[in-house]
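Down below is the structure, laid out as structure tokens.
The values are calculated or read from the model by the stated rules, or taken from the named source; none is laboratory data. Since the model is a prediction, treat every value here as computed from it, not as a measurement. A quick note on method: Cβ atoms are made from the backbone with ideal geometry, for glycine too, and the neighbour counts reach across all protein chains shown.
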Amino acid sequence: MCYIMRGFLFFTAIMSLIPGIVQGAEPEGKVEKLDSAVVSVSRAGDSTPVTYTMVSREQLRSVNPMSSLPMALALQPSVVTVNEGGTGLGYSKMTVRGSKGSQINVTLNGITLNDAESQEVFWVNIPALSSMLSSVQLQRGLGTSAAGPGAFGASINMSTASVGQDPYASVDMGYGSYGTFTAAAAVGTGLTKSGLYFDFAYSRGLTDGYIRNAFADVQSALAVLGWMNERNSLRLTWLFGDQHTGITWHGIDLAQYETDRRYNPAGEYYDAYGNVRYYDNDTDNYTQHHLQLNYTRRLAERFVWTSTFNWTKGDGYYENYKAGKSFSKYNFEGDQEGDFIVREAMDNHYFVLNSDVRYVSDLLSVTGGVNLSRYDGDHIGKVLWSDVLGDAYDYASHSWYLNNGLKQEANAFVRAEWSPLAWMTAYADLQYRGVWLDMSGPEDDQIPLDYATDWQFLNPRAGLSFHWDRHQKAYVSAALGHREPGRSDIKENIKNVWIAQQAGVDSEGVTLKPEKMLDVEIGYNYASDRLSASANVYLMEYWDMLLETGRLSNVGYAIKENVSRSWRRGVELAASWQALPWLRADANLTLSVNRIKDYTEFVQHVDTYDYWSATGRTTAVNYGTTTMLMSPSVTGMARLSFSPWREIASNSLKTIMLSLDGKYVGKQYMDNTMTDSRSIPAYFVSNLALSYEVPLRKRSFAAAQDDKVRISFYINNLFNNMYYADGWCWKNIVEEDGALIDGIGVYPQAPLNCMLKLSWQF
């Protein structure tokens with residue numbers, strides 16, 4: 001890594017010398033604004049042959065304020081979202097074309113937010129982020145080259161970088177079902193005559209949640225201090241997220257769902273008299289600080305250089321009540337059992353250095369850059385209390401477990417767009433990724449995780465786009481991508497080998513290989529003042545994809561293994577029609593097939609009914625070609641938006657806006673066996689939003705926005721559908737008699753619920 005660091009410093013030094021080497025005339029309209037150059041490296045442009053959609057600030061702010069960012073993107077093509085608590089606050093996740101969170105690369109101002117170990121973005125840790133963004137670009141497929149492991153199915157490129165000309169302030173407050181309260185405030189100076197600007201935003205959300213223990217207390221803050229002139233832009237950004245939520249990840253048994261869909265087993269135990277009790281602090285807690293320093297310089301009229309340093313500090317813990325557990329599980333001597341209160345904590349640092357330079361002319365655009373990152377994370381287990389040991393025991397002196405994960409990455413890329421003809425642009429992109437992983441220390445079950453490896457990837461992309469006129473664009477592209485296994489995939493395989501060996505079973509485990517995917521995109525876009533439409537075909541062909549195959553860890557975690565061949569193939573259609581100045585219609589539809597070739601399930605053997613523990617033995621069952629889990633073959637959306645007063649009296653002091661949308665998600669399987677009893681039925685959910693806006697005063701003729709008050713009313717799940725949007729399942733064979741046992745869990749979503757929101761912009 002020292003050689004890589006030296007290379008990075010050399011690259012940075014060379015960039016600083018270019019102003020004295022390169023001269024040229026300014027190509028009007030080709031060099032981007034300095035305030036947006038920070039995110040351009042990870043985004044596709046109009047001529048890039050990539051399938052993507054743009055979501056504006058207004059679109060983000062128009063959604064229900066109870067929603068996290070995944071829920072704010074729920075209506076985008078091929079997107080499926082779910083919230084564990086059922087309301088939108090708390091733990092939320094999303095899939096794009098069936099690709100789950102660990103396969104979606106997420107960047108904020110060009111910096112990857114994906115956790116280096118799990119490759120996920122835990123949206124609950126950065127709550128209310130949608131209200132602080134200037135725009136989001138959602139790329140489907142491999143997209144453009146970007147740092148981070150998650151760019152394997154989709155990319156979400158978020159930007160806070162938007163410098164306005166005028167000072168502003170806003171206040172939002174909302175109250176809704178299930179004791180939900182939200183508040184947000186923002187203030188900014190606009191760009192001053194000296195080139196300085198400052199923006200600050202804060203939000204807070206509280207809810208009791210739909211299911212028991214789905215409470216949430218979340219807050220976020222964003223501060224931006226910057227300076228810019230014609231050639232330079234310096235920006236310091238601080239993003240803060242803090243969340244305290246009840247644990248909801250268990251879901252509920254399908255049989256329980258039929259009797260009490262708001263039940264949640266988290267923290268459940270029995271007192272000395274046999275009464276059911278619930279531990280009142282069965283919680284998830286996490287605090288995260290992101291600090292970014294960005295410098296952008298126009299080196300010459302055709303060259304722009306951008307460098308960003310990022311430091312992310314995260315720490316938090318789960319706290320759980322564990323009933324009837326053995327002392328040995330928590331590294332105590334003795335074979336007795338007892339009740340425990342435990343904390344599983346994380347303490348991590350994430351450092352990133354980005355630097356890139358872009359050349360733009362009328363015919364050619366070239367971008368090259370490097371990225372270095374280092375993640376250092378501790379995983380810590382603590383015992384807070386035991387009913388056997390009592391309050392007098394010195395728990396602070398006891399060590400349950402401590403292990404460390406160190407992950408470093410070096411990334412370099414060069415990307416070019418060449419327009420030899422006025423109606424055609426050729427695109428080429430080549431990325432190198434080097435990844436180094438080192439794990440050490442025991443896991444929570446005292447199994448050692450000492451492991452070190454590295455991966456080297458070369459990811460090429462190429463394509464053509466065609467522009468017949470300003471309304472029409474067609475494109476075709478092909479891209480090759482690779483993705484390394486995540487920490488959980490590696491550690492559970494290590495542990496599974498250890499368990500098998502302890503049981504006397506000769507096992508060397510499975511050598512996990514990186515996943516490889518070829519993505520082919522063919523699309524057509526049409527856009528006019530009143531109508532926009534797009535149609536595209538995608539072919540996502542996988543080799544060695546990591547999927548659940550039925551093997552379970554000793555704690556029930558689904559172990560992933562490489563599957564030799566699988567694919568996702570589909571058609572995406574989208575259209576927007578401004579039928580009248582006061583009437584707009586939007587719709588999209590995705591039809592897909594998501595298959596695994598020659599799928600084999602491994603059913604885990606356990607010792608007894610009463611004391612569930614994996615033995616290391618499995619029974620293999622081949623199903624032939626099957627549908628991938630959690631991959632609906634049909635998704636679609638339709639939305640109607642009305643603003644009648646805007647047309648009747650364009651200078652009116654009042655505006656009424658009403659929107660009605662519906663989202664359809666087809667049948668999904670909880671595992672890869674295509675078993676109907678382990679599936680999520682298709683569902684359709686509608687939402688209604690009504691707002692009344694009153695301008696208070698006109699600032700000036702040139703002002704970007706007027707002072708105004710907006711009252712909004714949201715109804716979610718308008719038709720009160722009782723449905724669940726996610727689930728899990730398992731099956732085992734009991735060793736003592738060969739019986740098959742299984743379990744199914746689901747995540748119920750809230751029925752009809754409402755929110756009233758008041759916004760004041762001044």
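There is no residue in the stretch 224-235 that is surrounded by 17 or more Cβ atoms within 10 Å (Cβ to Cβ), within 29 Å of Cys729 (Cβ to Cβ) and either modelled with pLDDT under 95 or of a type in the set (S, T, N, Q) (or both). Within this structure, Thr248 passes the test of being part of a loop (DSSP other than H, G, I, E, B), under 26 Å from the mean Cα position of the chain (by Cα), crowded, with 21+ Cβ neighbours inside 10 Å and among the polar types (S, T, N, Q). Could you tell me which residue of the stretch 448-465 is nearest to Ser118 (Cα to Cα), considering only residues that are buried (at least 19 other Cβ atoms within 10 Å of the Cβ) and not small (Gly, Ala, Ser)? This residue is Leu449. Where strands (runs of 3 or more DSSP E) fall entirely within the stretch 611-687, those with at least 2 residues that are modelled with pLDDT of 85 or more and within 30 Å of Leu740 (Cβ to Cβ) are at 614-627. Within the stretch 466-492, the set of residues being among the hydroxyl-bearing types (Ser, Thr, Tyr) and buried (at least 21 other Cβ atoms within 10 Å of the Cβ) comprises Tyr475, Ser477. Figure legend. Inter-residue proximity from the stretch 664-684: first residues acidic (Asp, Glu), second residues outside any helix (DSSP H, G or I) and surrounded by 17 or more Cβ atoms within 10 Å (Cβ to Cβ), beta-carbon distance below 7 Å, spacing 6+ or different chains. Indicated pairs: Asp671/Glu548; Asp671/Leu629; Asp671/Cys729.
Does the stretch 49-63 contain any residue that is in a loop (DSSP other than H, G, I, E, B) and under 30 Å from Trp305 (Cβ atoms)? There is at least one residue in the stretch 49-63 that is in a loop (DSSP other than H, G, I, E, B) and under 30 Å from Trp305 (Cβ atoms).
When Trp760 is tested against (1) surrounded by 14 or more Cβ atoms within 10 Å (Cβ to Cβ); (2) under 30 Å from Asn213 (Cα atoms), only condition (2) is not met. Scanning the stretch 656-674 for residues that are under 16 Å from Ser631 (Cα atoms) and among the β-branched types (Val, Ile, Thr), we see that the one that is surrounded by the most Cβ atoms within 10 Å (Cβ to Cβ) is Val665.
If the condition is being among the polar types (S, T, N, Q), in a strand (DSSP E or B) and within 25 Å of Asn310 (Cα to Cα), then the stretch 218-245 contributes Gln219, Ser220, Asn232, Ser233, Thr237, Gln243. Exactly one residue out of Trp400, Trp385 is in contact (Cβ under 8 Å) with a residue 24 or more places away in the chain, among the aromatic types (Phe, Trp, Tyr), buried (at least 19 other Cβ atoms within 10 Å of the Cβ) and under 30 Å from Asp115 (Cβ atoms), and it is Trp400. Can you give me the number of residues within the stretch 723-745 that are assigned to a loop (DSSP other than H, G, I, E, B) and either free of Cβ contacts under 8 Å to residues at least 60 places away in the same chain or touching a strand residue (DSSP E or B) at 6+ places or on another chain (Cβ under 8 Å) (or both)? Summing the residues that are assigned to a loop (DSSP other than H, G, I, E, B) and either free of Cβ contacts under 8 Å to residues at least 60 places away in the same chain or touching a strand residue (DSSP E or B) at 6+ places or on another chain (Cβ under 8 Å) (or both) in the stretch 723-745 gives 5. Condition test on Ser203, is it among the small types (Gly, Ala, Ser), under 30 Å from Arg261 (Cβ atoms) and buried (at least 21 other Cβ atoms within 10 Å of the Cβ)? Considered against the rule, which asks whether it is among the small types (Gly, Ala, Ser), under 30 Å from Arg261 (Cβ atoms) and buried (at least 21 other Cβ atoms within 10 Å of the Cβ), Ser203 comes out as yes. Only residues that are farther than 19 Å from Val352 by Cβ and buried (at least 17 other Cβ atoms within 10 Å of the Cβ) were counted across the stretch 427-443, and they come to 5. Does the stretch 444-453 include one or more residues that are among the β-branched types (Val, Ile, Thr), part of a strand (DSSP E or B), at pLDDT 95 or above and over 30 Å from Ser328 (Cα atoms)? Checking the stretch 444-453: not a single residue is among the β-branched types (Val, Ile, Thr), part of a strand (DSSP E or B), at pLDDT 95 or above and over 30 Å from Ser328 (Cα atoms). Of everything in the stretch 675-689 that is surrounded by 15 or more Cβ atoms within 10 Å (Cβ to Cβ) and polar (S, T, N, Q), the residue that is farthest from Gln749 (Cα to Cα) is Thr675. Checking each residue in the stretch 575-597 for being farther than 20 Å from Met637 by Cβ, in a strand (DSSP E or B) and modelled with pLDDT under 95 picks out only Leu580. Taking the conditions (1) basic (Lys, Arg); (2) part of a strand (DSSP E or B); (3) modelled with pLDDT under 95 in turn, Lys495 satisfies each one other than (2). Look at (1) buried (at least 20 other Cβ atoms within 10 Å of the Cβ); (2) outside any strand (DSSP E or B); (3) free of Cβ contacts under 8 Å to residues at least 60 places away in the same chain and you find that Gly209 fails only one, number (3). Looking at (1) at pLDDT below 95; (2) surrounded by fewer than 16 Cβ atoms within 10 Å (Cβ to Cβ), find the lone condition where Glu548 falls short. The single condition Glu548 does not satisfy is (2). Note on the stretch 333-358: among residues that are at negative phi and out of contact with any Gly (no Cβ under 9 Å at 6 or more places or on another chain), the one that is surrounded by the most Cβ atoms within 10 Å (Cβ to Cβ) is Phe340.
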